[in-house]
Amino acid sequence: MTFSRTTGKRAYFILRGVTLPPLFPKSPYPHGYKHTMVGAISVTHPASTILSSRTYSRKRGNILLSGNKPRTVSMSLRNGNSNKQQLERERLYLGLDFGTSGARFAVIDIGGTIQAEAKRHYPLYSNGESRDWVRSWKETLFLLLEDIPLNLRKHIVSISIDGTSATTIIVDSDTGEPLWRPFLYNESCPEVLPAVKSIAPPNHTVCSATSTLCKLVSWWNRGGLNEKSALLLHQADWLLWLLHGKLGVSDYNNALKVGYDPEADSYPSWLISQPYSHLLPSVVAPGTPIACLKEELRNKFGFQKECVVCTGTTDSIAAFLAARVTQPGKAVTSLGSTLAIKLLSNTRVEDSRFGVYSHRLDDKWLVGGASNTGGAVLRQLFTDDQLKKLSEQINPSQISLLDYYPLPKAGERFPIADPDLAPRLLPRPENDAEYLHGILESIARIEAKGYGLLKELGATAVDQVFTAGGGANNEKWTQIRERVLGLPVSRANQTEAAYGTALLAIKGDQQNIL
Ligand SMILES: Nc1ncnc2c1ncn2[C@@H]1O[C@H](COP(=O)(O)OP(=O)(O)O)[C@@H](O)[C@H]1O
Ligand SMILES: O=C(CO)[C@H](O)[C@H](O)COP(=O)(O)O
């Protein structure tokens, strides 16, 4: 039900009854707890964000980022009949997702109800000839903390962050300041691949040109004064350090691609014996409390004294966690800027020849890989509005005869591991809807090839796929994927990685180890 207020803003009431399975054994709610979210107001104003609800209101002027181009922050807030007293009692959990094109937060309660969420695009800063990603990420982190409604912040008891996998920052081990520009998740360092292959077991996860270890060796080979006082961190690790101040801690999801063995829970001897092994961070499980939020930040933003900061994970694993998939054979495809597939499997599978690896998820394995196809190439060709309008013209039951390999630029990680693989997006038909149909169907074929490969390599066979990420909103694409995969495909209840990371924050809070 939507209605427009006298102020000209549009507010959306979302009335829905959802049955939430208990999040964790200690969840106070019985199984099948019927939860009705009686109202969520999403109020966005073209040039600024004005929050108004019964529990508080404040006006934000234009949110101006670099280049003075006003950017909107879209935010949704739970309002409904949850009164202030109820919130006073509730313990809230903050998940922050640092994805490819932007960052988001989700604040949830122990029952998994979203109390607030917002997202921001990364501000554009340049550092000479390259983008200053570190400055963008740091600014976005603290802007998102400011976007959290003040009366919720004091109830947040646990925070976690996910980032793009294998996004690597080499920092000064004393100050935490970056010593070099970050290596992004899809950056390839083929020149050091032979050296990495010479020390690692055959087809190990690190034997990929985009692995974190290849990035570490590439930096190390550059030589320099800082080699002794350097430390490797992943994007999520560094952002979490800004909040807790303990340098050098990672999680076994982010550390997988530098060579950490999540089964042995240690770095292998062939890695420890390398001259750069002193750069490796210590590793704990995702969602492990590391320290309380720094006092200066608690005072600045109004968080409570006991607010703990927990280790994170990668963005596609966070999206998997958000879907609350618990049975082997179920899978989540993250259709964000990239296409990352995650299949819950009883068996671990790893083969870098195809970009296949397994993340640990408690006592099971998340088998999969990440292709560079996906939303980034769509965004090169169409705006989100065009995607929506053109998709409406597609007949998903009709097979497209157009055969593409949609990539934003040369280079593919999975199911073809080839840093030189060129995009194939021609011939382009006159009709854009026909072109989009061909692209969506070609991406679906890549997804199907990926799941077929996992089965060939011995993973538990997939029997159902849930979708996360921006592409989850495209119903026609979902129907195309169902036809191509020959499997039931549905949008996950929660598709945002930030929600999955907020669930990690709950896990950390329940450990009571600080
Ligand atoms: N209706 C749509 N159909 C298909 N793809 C879409 C649609 N709307 C948005 N997208 C794609 O979703 C992507 C953004 O999803 P998101 O999960 O935010 O990505 P990320 O976190 O990787 O930046 C964009 O690349 C965009 O092209
Ligand atoms: O594509 C990506 C960025 O969005 C990442 O590579 C994605 O996170 C897949 O890596 P992982 O499987 O380690 O999570």
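Start at zero, step by 5 Å, and the Cα-Cα distances of segment 341-447 spread as 2, 12, 19, 19, 15, 13, 11, 7, 2, 0, 0 percent across the bins. Taking segment 120-254 as the region of interest, the number of lysine pairs whose Cα atoms are within less than 29 Å, with members eight or more places apart or on different chains, is 10.
Is the C-alpha gyration tensor of segment 95-210 telling us rounded, prolate or oblate? Criteria: a/c under 1.5 is rounded; beyond that, a/b larger than b/c is prolate, otherwise oblate.
prolate
Under the shape rule built on the C-alpha gyration tensor, where the axes satisfy a ≥ b ≥ c, segment 251-330 is oblate, since a/c reaches at least 1.5 while a/b does not exceed b/c. With the highest mean first, a sort of the peptides 318-324, 480-486 on other beta-carbon atoms found within 10 angstrom per residue produces 318-324, 480-486. For the pair SER277 and GLN304, the difference between a 0.36 nm per residue extended length and the Cα-Cα distance amounts to 6.0 nm.
Restricting the trypsin sites (Lys or Arg not before Pro) of segment 178-258 to loop positions (DSSP other than H, G, I, E, B) with no more than 16 neighbouring Cβ atoms within 10 Å leaves ARG222, LYS246.
Using only alpha-carbon positions in segment 355-514, the gyration tensor eigenvalues give semi-axes of 30, 19, 16 Å once each is multiplied by 5 and square-rooted (largest first). Just the accessible area for TYR185, please: 1.4 Å probe, Å², rounded to the nearest 10? Ignoring ligands and nucleic acids, TYR185 comes out at about 30 Å².
Length gained on full extension, ARG91 to ASN493, computed as 0.36 nm times the residue gap minus the Cα-Cα distance: 142.5 nm. Accessible area of HIS437 (1.4 Å probe, protein heavy atoms only, ligands and nucleic acids ignored): about 20 Å². For segment 164-311, a Kirkwood radius taken over Cα pairs fed into Stokes-Einstein (37 °C, viscosity 0.692 mPa s) yields D = 208 µm²/s. Each residue of segment 258-263 was assigned a 3J(HN,Hα) from its phi angle through the Karplus curve 6.51 cos²θ - 1.76 cosθ + 1.60 (θ = phi - 60°); the sequence is 9, x, 4, 9, x, 7 Hz, with glycine and proline shown as x.
From the protein chains alone at 1.4 Å, what is the descending order of accessible area for GLU412, GLU456, GLU434, largest first?
GLU456, GLU434, GLU412
For LYS449, the aspartates and glutamates whose Cα comes closer than 20 Å to its Cα, not counting residues fewer than 8 places off in the same chain, are GLU350, ASP351, ASP403, GLU412, ASP418, ASP420, GLU441, ASP463, GLU482.
The values are calculated or read from the model by the stated rules, or taken from the named source; none is laboratory data. Quantities reported herein were computed from a predicted structural model and do not represent experimental measurements. Don't worry about glycine lacking a Cβ; one is built from the backbone with ideal geometry, like all the others, and counts go over all protein chains shown. Side chains included, ligands, DNA and RNA excluded: accessible areas come from the protein's heavy atoms. Shrake-Rupley method; radii C 1.70, N 1.55, O 1.52, S 1.80 Å.
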